[in-house]
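Data first, discussion second: the structure below is written as structure tokens.
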Amino acid sequence: MAFFITLEGIEGSGKSTQIRRLHAHLTAQGIPAMLTREPGGCAIADAIRAILLDPANQAMTARTELLLYAAARAQHVEQVIRPALAAGTTVLCDRFVDATTAYQGGGRNLDHQLIEELNAIACNGLCPDLTLLLDFAVEDGLLRARQRNQDDNLLAEGRFELETLDFHRRVRQTYLDLAGREERFRVIDAIGGADVVTSRIVTTVDRFFAERGVS
């Protein structure tokens, strides 16, 4: 039985580290699993990612940004995620539709109904089975994300790290509002060392699998 599991959170909340650790945990248990990310995940979506995250593209309008995310997602879903799930592979995705609701809806103040309609077109019926929201303080997350970009030579993907604290506070609050409405969400406290956070995630995911008869 394959599941679609997404990790969400503000910049610097530790998603990339934790999704790799979760993948290793599932693999060690003999559960076929693959890693992917948004925006990106395949060649066409990766090309769109480069446009979306490039700090040189500050002139990009909010609607353009929204439409590019939808286009990248549509390709990603059909080329990568659906085939993997059909083959019995659990998919772990670093960000998905909730990121668009949080960033373009909460952060950019775009119409939420429009975002829902575009997400529905891009996903074509696909919805995560489980979403892990790594909750973290905005100020600390931005400091961590900016330092990561410096250390890992990721400055070409730092457009959102240039946004204001108020922007990122709106993103975080929108995530928390989503988690309060959607049963598939589990909020993970992302404060603490990486091992501590991994333990929280693994416990949550193991419980999810056990409830569905997978051991």
Just to confirm my numbers, what's the Cα centroid distance between segment 105-122 and segment 61-102 in Å?
14 Å
Hey, can you list the DSSP H helices of the chain whose Cα span along the axis is 18 Å or longer and whose average Kyte-Doolittle score is at least -0.5?
62-76, 194-211
If you bin the C-alpha pair distances of the chain every 10 Å from 0, what whole percents do you get?
8, 35, 40, 16, 1
Once fully extended, how much extra length lies between Glu163 and Ala137, figured as 0.36 nm per residue of separation less the alpha-carbon to alpha-carbon distance?
7.8 nm
What does the charge count around Gln104 come to, taking other residues whose C-beta lies under 10 Å from its C-beta (Lys +1, Arg +1, Asp -1, Glu -1)?
0
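Taken together, the values in this text are just the output of simple stated rules run on the coordinates, not laboratory data. Quick caveat, the model's predicted, so the values are computed rather than measured. Neighbour counts run over all protein chains shown; Cβ positions are idealised from the backbone, glycine included.
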